[in-house]
Amino acid sequence: MPINITMPALSPTMEEGTLAKWLVKEGDEVSSGDLIAEIETDKATMEVEAVDEGVIAKLLVEEGTEGVAVNAVIAVLAEDGEDASALEAPASAGETAKPAAAAPEPTLETPAPKPETSASPAKAGAAPETPQKLASTPMPGARIKASPLAKRIAALKGIDLSALTGSGPHGRIVKKDVENAKPGTAVATRTAASPSKVGTASPDGLILPQLLDDRVYDPESYELVPLDGVRRVVARRLTESFMQVPHFPLTVDLRLDKLLAARKGINAAAREGIKISVNDMLIKASALSLMDEPDCNASYTDDGIAYHNGAHISVAVAIDGGLITPVVRNAHLKGLAEISAEMKDLAARARERKLKPQEYMGGTFSLSNLGMFGISNFGSIINPPEGMIMSVGAGAKQPVVGENDQLEVATVMSVTLTCDHRVIGGAEGAKWLQAFKRYVEQPEAMLL
Amino acid sequence: MTDTNFDLIVIGSGPGGYVTAIRGSQLGMKVAVVERAEIGGVCLNWGCIPTKALLRSAEVMHLMKHATDFGLKAVKPEVDLEAVVKRSRGVASQLSGGVKFLMKKNKITVLEGEARLEKGSPAPKVIVKANKDGKDASYQAKHVILATGARARAIPQAGLEPDGKLIWTYKEAMVPDVMPKKLLVIGSGAIGIEFASFYNELGADVTVVEAVDRILPAEDEEISAMAEKAFKKQGLKILTKASVKDLKAGKNSVKATITPEGGKGETHEFDRVILAVGIVGNVEGLGLEALGVEIDRTHVKVDGFGRTGVAGLYAIGDLTGGPWLAHKASHEGVLCVEGIHGKNEAHPFDAWNVPGCTYAHPQVASVGLTEAKAKEAGHKIKVGRFPFVGNGKSIALGAGEGMVKTIFDKETGELLGAHMIGAEVTELIQGYVIARQAELTEEDLMHTIFPHPTLSEMMHEAVLDAEGRALHI
């Protein structure tokens with residue numbers, strides 16, 4: 001029997017992806033674990049591994065094809081002894097299988113991988129697993145660790161375990177994690193999206209189509225760069241956030257001198273290879289402030305407000321063609337050296353688009369720093385479902401009025417906290433900033 | 001001169017305190033432990049361990065009395081009370097010595113004396129009034145963990161107060177001077193029932209009075225009923241829904257007024273009375289109020305990692321509330337010290353995963369929700385039961401009385417609770433505790449191989465029975 005290799009869902013939010021590159025060609029022998037393709041997902045480029053062994057009989061989707069729906073057949077694998085050349089493309093591959101020079105027809109009927117909800121206990125345990133013949137596990141290289149009970153509950157509620165962060169030992173997903181998750185975590189059924197001549201309209205109908213009128217701009221007068229996964233997601237999510245989240249900004253000025261001095265001291269005393277940045281210290285200070293003001297470490301949901309146990313700090317990293325927010329998990333428990341090392345690694349891999357989904361999802365608070373560009377202050381758009389995002393401006397020497405009304409020179413930095421008002425009131429946000437100010441202005445407090 | 005600066009000072013060396021100290025030392029902390037009485041605390045010296053030694057004597061007595069059932073002849077067995085108590089004390093002192101060795105091995109400084117706290121930074125200062133010379137010495141640590149435990153509750157308003165001679169708490173009951181002919185046990189929790197079982201086996205005429213409608217009120221109702229039946233069969237008198245008031249100690253006996261609910265009080269005379277009406281935390285004399293530690297009745301309020309809300313101050317074990325069990329204290333202590341060290345974020349304390357054991361004859365053991373509590377919590381449940389009489393090993397042991405009961409969530413297959421009564425069930429329960437901790441479902445348990453012939457097979461059968469698939473019944 002030939003085996004269909006299908007477009008894998010590499011993250012729970014992924015509905016379609018771009019087949020960036022084939023790493024095999026027709027006639028190649030592959031065995032389980034071999035890399036066969038690179039797929040550009042909504043946020044990153046990931047490699048797909050073969051699950052079965054055999055000979056690549058046919059590649060059904062051309063390199064560079066955008067918008068290949070999850071679960072569409074992308075290649076056919078012939079098992080040993082089968083005549084690869086005799087194989088025809090399976091009928092079910094249908095439209096999506098056509099090598100698409102133009103934009104591929106969206107496959108509306110593609111079923112989301114639906115967990116089996118069999119009542120039989122013998123089957124239910126294995127339910128959340130994707131069908132056996134899928135060419136890729138949901139997350140290559142990352143086995144999902146979950147307790148049997150968590151798997152069962154996830155299956156019953158239709159939750160995709162790969163979207164969750166486990167709170168058990170070694171990140172194991174336990175009952176508590178699935179109970180707190182919303183069924184919506186499962187891959188949603190797609191709504192219609194009409195192919196358009198210019199640009200792509202909203203993939204989910206939430207946003208009004210944004211098309212350029214030929215009468216305003218002559219099509220010859222600009223160059224159109226197609227949207228990639230990152231751009232598309234950033235566009236959708238930020239529009240949703242800005243329109244749906246009632247947000248308000250709070251700004252405060254912080255004196256930075258002590259923090260800079262502390263940083264100098266720390267770096268002087270640190271082992272070779274460790275160099276703490278101001279941003280690393282701000283990550284730590286943010287995390288500790290979230291622990292001090294746990295009301296602010298929260299997400300709005302229709303079922304209630306989710307108060308997070310850990311402070312997971314998303315840090316905005318500009319990448320070629322967009323923005324991504326790798327997460328420093330449990331930053332409140334980590335030392336500066338650890339945060340610094342982790343951040344360096346995450347940022348480097350973010351720029352190469354090599355982050356795994358679990359590395360850029362699950363933050364509870366975001367930090368965006370444009371200080372290095374000399375921006376004095378700015379407001380960011382909330383990164384849902386997080387409740388707050390902080391925008392950090394540049395530290396600059398300024399005249400300030402000291403305690404005894406004398407003028408002095410101090411390094412002052414302005415930060416703006418944007419809050420989701422459904423979760424965080426003005427007073428709570430202000431209290432959080434007070435806590436943050438204390439850590440920045442008295443950095444010794446971070447050692448407590 | 002002893003060091004006065006530590007990373008961690010633990011106050012109390014019971015199973016909570018000394019285990020916490022060892023874990024702290026393993027994590028590289030410089031640790032001291034303060035103890036005002038014996039190293040090892042109540043558990044080793046006046047609780048779990050010496051009572052188990054006493055109950056072992058009772059068990060041997062029981063077997064000797066029933067020797068003919070096993071084809072053996074025993075001359076009429078007699079109790080040498082002094083020797084029974086001596087054995088129990090010997091066991092306690094051997095283990096207390098063991099803990100002293102563990103302290104030394106882990107380089108833990110033992111400060112013998114009474115501790116109190118004063119404001120300090122980064123953690124409260126610990127002032128220890130030495131047992132040796134009554135002099136105060138001040139110690140400072142980065143973290144202080146309170147593990148001062150609890151003691152028997154007295155209710156003076158109701159005339160229930162121990163006198164240490166005729167009216168006992170667990171402590172005196174463990175070192176009886178005479179074998180009481182008529183004994184009254186007030187309270188039918190684990191402590192009350194264990195002493196009732198012990199004295200009954202050794203020949204006393206024992207009456208147990210319980211305020212609510214069943215004995216072992218924390219256990220599943222079905223288990224309580226089976227226990228009551230078994231104890232009554234052994235000659236124990238059990239009065240439920242009854243209260244005792246106004247204990248009046250005479251010269252060598254105590255008069256007690258026992259009032260059934262809604263009935264009239266009657267006065268009875270007993271040689272001795274054991275008060276087992278609960279536990280109060282040892283919160284006094286530590287200076288907690290001045291530090292602003294939140295206390296709920298006699299227990300220090302803490303979060304899942306033992307934090308009290310006062311910087312650098314933590315509390316674990318009986319002091320923080322129920323279940324009042326040594327293994328709960330040890331576990332909390334480890335969580336707390338790992339939390340301090342930044343090692344544990346995943347596992348805050350979960351009271352529902354603490355197994356409870358009563359070492360009477362028959363034994364009772366349980367974990368998780370009772371059937372009633374599971375229903376109350378809104379679970380749709382399936383229940384499995386398996387009787388000892390269907391198990392080969394228990395018949396061979398001559399212990400055919402008892403039951404294993406499992407309660408599962410019908411939908412998710414979660415093991416909500418497990419309840420057992422019968423021989424050696426206290427050794428079996430941990431299998432179900434592992435299942436709960438690892439979040440196994442009924443399916444995993446059904447697929448597990450249980451060795452034959454063992455009592456543990458009943459645990460498998462009770463799971464299968466919840467699915468209507470029990471094999472041997």
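Each reported figure results from applying straightforward, stated rules to the coordinates on display, with no laboratory input. The shown structure was predicted, so the numbers you read here are calculated from the model rather than taken from an experiment. Cβ coordinates were reconstructed from backbone atoms using ideal geometry, including for glycine residues, and neighbour counts include every protein chain displayed.
Side notes on the structure shown:
- A crude spin-label estimate for the pair A:L333 and B:D3, with each label 7 Å from Cα along the Cβ direction, gives 2.7 nm.
- Ranking B:W46, B:F70, B:A137 by how far each Cα lies toward the positive end of the dipole of the range B:41-139 (charges on Cβ) leaves B:A137 at the top.
- Cleavage-rule hits, GluC sites (Glu not before Pro), the range B:269-338, DSSP coil, Cβ neighbours within 10 Å at most 16: B:E284, B:E294
- Judged by the mean number of other Cβ atoms found within 10 Å, the most tightly packed of the peptides B:251-262, A:377-388 leads the ranking A:377-388, B:251-262.
- Qualifying aspartates and glutamates (Cα of each under 16 Å from Cα of B:K380; at least 8 residues distant if same chain): B:E371, B:D409, B:E411, B:E414, B:E442, B:E467
- Neighbouring Cβ atoms from other chains, within 10 Å of the Cβ of residues in A:148-155, number 6 on average.
- Summing Lys and Arg as +1 and Asp and Glu as -1 over all other residues whose Cβ lies under 14 Å from the Cβ of B:G312 gives a net charge of +2.
- Under-5 Å amide H pairs with B:T298, H placed in peptide plane, nonlocal only: B:G281
- Overall, the range B:1-78 carries a charge dipole of about 300 debye about its Cα centre when +1 sits on the Cβ of Lys and Arg and -1 on the Cβ of Asp and Glu, all other atoms neutral.
- Fraction in percent of alpha-carbon pairs per bin - 10 Å, the range A:219-360: 10, 29, 36, 18, 7, 1
- Solvent-free Debye scattering, log10 I(q)/I(0), computed from the Cα coordinates of the range B:156-277 at q = 0.17, 0.20 Å⁻¹: -0.79, -1.10
- The protein assembly as shown - convex hull of the alpha-carbon atoms, volume per residue in Å³: 234
- Within straight-line reach of B:K229, meaning a Cα separation under 23 Å, sit the following lysines at least 8 residues removed in sequence or on another chain: B:K52, B:K65, B:K181, B:K182, B:K237, B:K241, B:K373, B:K393, B:K405.
- Remark: the range B:110-115, residue by residue, has Karplus-estimated 3J(HN,Hα) of 9, 9, 8, x, 9, 9 Hz, where x stands for each Gly or Pro and the curve is 6.51 cos²θ - 1.76 cosθ + 1.60 at θ = phi - 60°.
- Here the simple spin-label model places points 7 Å from the Cα toward Cβ, and for B:S138 and B:K241 these points are separated by 6.0 nm.
- Peptide packing for A:284-296, B:6-18, A:214-226 was compared via the average number of neighbouring C-beta atoms within 10 Å per residue; ordered from the highest value, the list is B:6-18, A:284-296, A:214-226.
- A cut-off of 5 Å between modelled amide H atoms, ignoring neighbours fewer than 5 places along the same chain, links A:L254 with A:M413, A:S414, A:V415.
- Structure-based [θ]222 nm, chain B - -39500 (n - 2.57) summed over DSSP H runs of at least 4, per residue, nearest 500: -9000 deg cm²/dmol
- Qualifying trypsin sites (Lys or Arg not before Pro) in the range B:291-371, where qualification requires a DSSP coil assignment and no more than 15 other C-beta atoms within 10 Å, comprise B:R297, B:K301, B:K343.
- In this label model, B:K375 and B:N252 are separated by 5.2 nm, measuring between points 7 Å along each Cα→Cβ vector.
- The value of relative contact order for chain B, using C-alpha pairs under 8 Å at least six residues apart, is 14 percent.
- Of all lysines in the structure, those lying under 17 Å Cα to Cα from A:K58, and not within fewer than 8 positions of it along the same chain, are A:K21, A:K25, A:K98, A:K133.
- Neighbour-limited loop hits for trypsin sites (Lys or Arg not before Pro), the range A:306-406 (at most 14 other Cβ within 10 Å; DSSP other than H, G, I, E, B): A:K354
- Lys/Arg +1, Asp/Glu -1 at C-beta; the protein assembly as shown dipole; positive extreme among A:V61, A:V174, B:T267: B:T267
- Evaluated at q = 0.09, 0.11, 0.12 Å⁻¹, a Debye calculation over the C-alpha positions of chain B (equal weights, vacuum) places log10 I(q)/I(0) at -0.67, -0.99, -1.16.
- Per-residue shielding of B:438-446, expressed as the average number of other chain Cβ atoms within 10 Å of the residue Cβ, stands at 6.
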